[in-house]
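**Q** Have a look at the structure that comes next, please.
The values are calculated or read from the model by the stated rules, or taken from the named source; none is laboratory data. Note that this is a predicted model, so its numbers are computed, not measured. Every residue, glycine as well, gets a Cβ built from its backbone with ideal geometry; the counts of neighbours run over all protein chains shown.
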Amino acid sequence: MLKAGATVSVFDPEAINNVKTLLGDKIAYCDDQYEVLKDAEALLIVTEWSAFRTPDFDQLDALLKNKVIFDGRNLYDLQKMIDCGYYYNSIGRKIVEHNG
């Protein structure tokens, strides 16, 4: 994503120091799971910490520019994503596309 010119912001409650060591100032680091979403085009989930399992979807809706989630950990129920109107792409499962 960085090579393609994307701006990347991250939050991880456990591994942030390791990420900083690896990537330095190439990406932005946030203090909580909602700050990272401000003005974001999409949410990418690459870890499965319990803090990410039950998000406040109203807050996600308010912060994300687009209702788009790429989930590498299969954290969310497909029907919930349909009901919430998200484009939801989770590894090895049906892609949920919002048709509204």
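**Q** Residue by residue through the range 86-96, note down the ones that are modelled with pLDDT of 95 or more and either surrounded by fewer than 17 Cβ atoms within 10 Å (Cβ to Cβ) or part of a loop (DSSP other than H, G, I, E, B) (or both).
**A** Hits for the range 86-96 are Tyr86, Tyr87.
**Q** Here's another thing I want to ask about it. Please state which of the following conditions Gly72 fails to meet, knowing it meets all the rest: (1) loosely packed, with under 15 Cβ neighbours inside 10 Å; (2) in contact with a strand residue (DSSP E or B) (Cβ under 7 Å, 6 or more places away or on another chain); (3) free of Cβ contacts under 8 Å to residues at least 24 places away in the same chain.
**A** Only one criterion in (1) loosely packed, with under 15 Cβ neighbours inside 10 Å; (2) in contact with a strand residue (DSSP E or B) (Cβ under 7 Å, 6 or more places away or on another chain); (3) free of Cβ contacts under 8 Å to residues at least 24 places away in the same chain is unmet by Gly72, namely (3).
**Q** Something else: Considering only residues of the range 1-40 that are surrounded by fewer than 12 Cβ atoms within 10 Å (Cβ to Cβ) and either among the hydroxyl-bearing types (Ser, Thr, Tyr) or at pLDDT 95 or above (or both), which is farthest from Met81 (Cα to Cα)?
**A** It comes out as Thr21.
**Q** Report, by residue number, each residue of the range 41-50 that is surrounded by 14 or more Cβ atoms within 10 Å (Cβ to Cβ) and either part of a helix (DSSP H, G or I) or among the small types (Gly, Ala, Ser) (or both).
**A** The answer is Ala42, and nothing else.
**Q** Condition check: closer than 23 Å to Ile95 by Cα, loosely packed, with under 11 Cβ neighbours inside 10 Å and free of Cβ contacts under 8 Å to residues at least 24 places away in the same chain. Does Met81 satisfy that?
**A** Considered against the rule, which asks whether it is closer than 23 Å to Ile95 by Cα, loosely packed, with under 11 Cβ neighbours inside 10 Å and free of Cβ contacts under 8 Å to residues at least 24 places away in the same chain, Met81 comes out as no.
**Q** Would you check which residues across the range 51-72 are under 11 Å from the mean Cα position of the chain (by Cα) and outside any helix (DSSP H, G or I) and list them?
**A** Pro55, Leu64, Lys67, Val68, Ile69, Phe70, Asp71, Gly72
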